[in-house]
Amino acid sequence: MPLPATAPEWDIFCTVIDNYGDIGVCWRLARQLVAEHGVKVRLWVDELASFGKICAQIDQSLPTQTAHGVEVRRWESTWLEALPGDVVVEAFACHLPESFVAAMAERRPPPVWINLDYLSAEAWVSGCHTLPSPHPRLPLTKYFFFPGFDQTTGGLLREADLERQRQAFCASREQQAAFWQSLGQSPPPAEALLVSLFAYENPALADLLALWAQSTVPVCCLAPVTRTLASIAQFAGQPLQAGDVIRRGQLEIRLLDFVAQPDYDRLLWSCDINLVRGEDSFVRAQWAARPLLWQIYPQADDAHRVKLAAFLDRYCAKLPAASAAAVRELHRQWNGGSEQATAGGRISAELWAQYRAALADLRGHAERWATNLSKQEDLCSSMVHFCLSKL
Ligand code: TRH
């Protein structure tokens, strides 16, 4: 479909609830719109501190700045008037300023208004993707846009060049060496099982660390400093910070500074197993085509358990039974262990051994999974095409 003669203008609104996922997704979408679709993007963000962690160029003191071709605006609590663009994306049902919505209604033609929702593998998503929701008073329609795992959804964020970049990195010792050097790290030992660790507080982490220390093969755990720091320090028996390296038995833990998004991809591409969380790192681990262990973002009403089950049903469908059982049980324990939200999971030596035995299967499976998913249109492109059809 041809693009309009002048670059379309999009406004993306993002509130940072906690963590990095909301801004992580919005920032990725914004960059891809600029780089691949010739869109002019204004990204409105209510908090720049988290943003600064995943993009070093962000200057938290500035109300307006440009990074990677994206105009970044601090979304102040007192809204200053602004003219809406051709498309307005409200990320994760963040509430748009009333006067901005009024300006949207006055614009001719009115902007295409999208609510970008959270990712879920549940079947109902297909039926809700692109559903219109007319505004109760104004001549505006909001459309629900759902990321997802099949063609009936909006797909997943994936840059056009991502797989080519991954393959080039995995084939190049020079690129890998330069990557470790850029992190201030020596390359991890070639014989070690490499694991990246990005998780929330998790009682089962103590089990994993102890099992890795007693492992028959060396394990090197690369852990950007985040909410797991206290558990790692407790395991080590000493206070820790980014840059520290500790060794216990067969386990070496390297605590890393939070890295920029593109470097986080390289970390995932480098590891044998990626422990990821939330939404965006979970998707990136799938594009890394390596086995993953997902800690889902916990929701008060336990809705996350249904989401986790829906994903595992899809992910395990084509795995041999024993490997599927190991993946399911490890995820169950890593996500609390029982149906009671307060219970903590436990990872036994037997469960870890079952998972290790499945690892070769899981590696091939992760590659096939990524290849299949990449046949689907990516989320950014499908959103652009949807908006063009409504403009
Ligand atoms: O930070 P998260 O836990 O975010 C969560 C989820 O998005 C959840 O759905 C949402 O409701 C909640 O926040 C409020 O996990 P997520 O989604 O993986 O986001 C992390 C981002 O940080 C992702 O874009 C990857 C990036 N990242 C880096 O850039 N560098 C790093 O070193 C690491 C570890 C992550």
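Of all the residues in region 67-115, those that are assigned to a loop (DSSP other than H, G, I, E, B), within 16 Å of the ligand (Cβ to nearest atom) and of a type in the set (A, V, I, L, M) number 1. Among the residues of region 196-237, those identified as within 16 Å of the ligand (Cβ to nearest atom) and within 17 Å of residue 348 (Cβ to Cβ) are 202, 205. Assess whether residue 249 counts as being out of contact with any strand residue (DSSP E or B) (no Cβ under 6 Å at 6 or more places or on another chain), away from the ligand (no atom under 16 Å from the Cβ) and on the phi > 0 side of the Ramachandran plot. It is true that residue 249 is out of contact with any strand residue (DSSP E or B) (no Cβ under 6 Å at 6 or more places or on another chain), away from the ligand (no atom under 16 Å from the Cβ) and on the phi > 0 side of the Ramachandran plot. Condition (residue is in a loop (DSSP other than H, G, I, E, B) and surrounded by fewer than 22 Cβ atoms within 10 Å (Cβ to Cβ)) applied to region 21-37: is it met by at least one residue? Checked against the condition, which is being in a loop (DSSP other than H, G, I, E, B) and surrounded by fewer than 22 Cβ atoms within 10 Å (Cβ to Cβ), region 21-37 yields no hits at all. Which residue pairs have Cβ atoms under 6 Å apart, sit 6 or more places apart or on different chains, and have a first residue in region 190-203 that is free of Cβ contacts under 8 Å to residues at least 40 places away in the same chain and a second that is charged (D, E, K, R) and within 15 Å of the ligand (Cβ to nearest atom)? Cβ pairs passing all conditions: 201/227.
Residues in region 289-304 that are at pLDDT below 95 and either more than 18 Å from the chain's Cα centre (by Cα) or among the aliphatic types (A, V, I, L, M) (or both): 4 in all.
Scanning region 245-304 for residues that are under 22 Å from residue 191 (Cα atoms), surrounded by fewer than 19 Cβ atoms within 10 Å (Cβ to Cβ) and of a type in the set (Asp, Glu) gives a single hit, 272. Residues in region 255-314 that are touching a residue at least 40 places away in the same chain (Cβ under 8 Å), near the ligand (Cβ under 8 Å from one of its atoms) and of a type in the set (Lys, Arg): 277 alone.
The values are calculated or read from the model by the stated rules, or taken from the named source; none is laboratory data. Computed from a predicted model, the values in this text were never measured in an experiment. Cβ atoms come from the backbone with ideal geometry, glycine included; neighbour counts cover every protein chain shown.
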